1. Only one of (1) surrounded by fewer than 21 Cβ atoms within 10 Å (Cβ to Cβ); (2) in contact with a Ser or Thr (Cβ under 9 Å, 6 or more places away or on another chain); (3) modelled with pLDDT under 95 is not met by Ala69, so which one is it?
2. Does Gln109 meet the test of being touching a residue at least 60 places away in the same chain (Cβ under 8 Å) and over 22 Å from Leu310 (Cβ atoms)?
3. Can you tell me which residue among Ala220, Ala192 is touching a Phe, Trp or Tyr at 6+ places or on another chain (Cβ under 8 Å), in a helix (DSSP H, G or I) and crowded, with 23+ Cβ neighbours inside 10 Å?
4. Given (1) under 25 Å from Ala60 (Cβ atoms); (2) without any contact (Cβ under 8 Å) to a residue 24 or more places away in the chain; (3) not hydrophobic (A, V, I, L, M, F, W, C), identify the lone condition not met by His281.
5. Given the residues Asp295, Asp290, which is the only one that is among the charged types (D, E, K, R) and assigned to a helix (DSSP H, G or I)?
6. Of the conditions (1) in a helix (DSSP H, G or I); (2) closer than 16 Å to Arg39 by Cα, Gln122 fails just one. Which one is it?
7. In region 161-179, how many are out of contact with any Phe, Trp or Tyr (no Cβ under 9 Å at 6 or more places or on another chain) and β-branched (Val, Ile, Thr)?
8. Go through region 284-296 and report how many residues are touching a residue at least 60 places away in the same chain (Cβ under 8 Å) and under 20 Å from Ser254 (Cα atoms).
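The values are calculated or read from the model by the stated rules, or taken from the named source; none is laboratory data. All figures in this text were calculated on a predicted structure; none of them were measured in a lab. Every residue, glycine among them, receives a Cβ derived from its backbone with ideal geometry; neighbour counts consider all protein chains shown.
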Amino acid sequence: MQDTIQSRGSQGRVADAPSGHWVYRALPRRHWPYAQLARWDRPIGWWLLLWPCWWSAAMAGLAGAGNTALTFAPFPDPWHLALFLIGAVAMRGAGCTYNDLVDQKIDDQVARTRSRPLPSGQVSRRQAWIFLVSQALVGFLVLIQFNLFAIGFGILSLLVVAVYPFMKRITDWPQLTLGLAFSWGAWMGWAAIYGSVSLAPALLYLGSILWVIGYDTIYAHQDKEDDALVGVRSTARLFGENTKPWLFGLYSGSLLLIGGAFWAAGLPLLAFVGLVAAAGHMLWQIRTLDIDDADQCLKLFKANTVVGWLIFAGILAGALAA
């Protein structure tokens, strides 16, 4: 067993880690396992966590276009955008580290994940916990830059984050819990500006949840065979051959709810152009998807950052025209 662990970790990188990434060029080899725990070599995760934050911040700025007390309206506050960026990287890293700690035994049974730092023995559980806390502290330092209401609302998200890794053991809908966690920024961007929440961020939150369920279902199709063997549940296994109709419903509901958020916030029509473009991209994902092609599933999952950019760009276009 020990020989197996050493052979898994001897190359210093997990099996599906991207080659040529800056992590492996810039960091000393002894730091690679920590970069892999935080997924610094896979930025798609923090981008997907960031988008609801930036959508909400941009929506809040444009909604307050006539409010002279808002310095940067109708545009989002650049300081808030920077804070959300740092916070997304830190908290996504902390969340991945926590998930790996909880899932160590499962990861050891899945081909794609058994070479990760914990199951391969490259880091100890104690080292991983210390690294998790250090990342969480960075996230906390970011959080306390906001108003008290936003700070309290941000702390609430930890309840969802804490239970997420266990959901795949008890429900076919762990992607729903991921959506609850990854969409929390939809509240935060608005709360950071107004010190309260309203219908607009609530609709944005619900719309983002459906989007997350959709793209993470695509992602989960990579592991569905191993998941079935070890008893991990997912919407990919639940939907099976009906994944495309489910994706159409999830993505359609997401766009309708986000459009409702824009309407509730009083955004101009030009802001909706980004939603139309995002709808086209989502339709392309559904038509292209082959649930039995793991490489393609990963590619389509990553492509969802384009959806984030399109929706964000639409709101900024609305701000330019305001």
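1. Ala69 satisfies every listed condition except (2).
2. Yes.
3. Testing whether each residue is touching a Phe, Trp or Tyr at 6+ places or on another chain (Cβ under 8 Å), in a helix (DSSP H, G or I) and crowded, with 23+ Cβ neighbours inside 10 Å leaves just Ala192.
4. Evaluating His281 over (1) under 25 Å from Ala60 (Cβ atoms); (2) without any contact (Cβ under 8 Å) to a residue 24 or more places away in the chain; (3) not hydrophobic (A, V, I, L, M, F, W, C) leaves (2) as the failure.
5. Asp295
6. Gln122 satisfies every listed condition except (1).
7. Matching residues across region 161-179 total 3.
8. Number of matching residues: 2.
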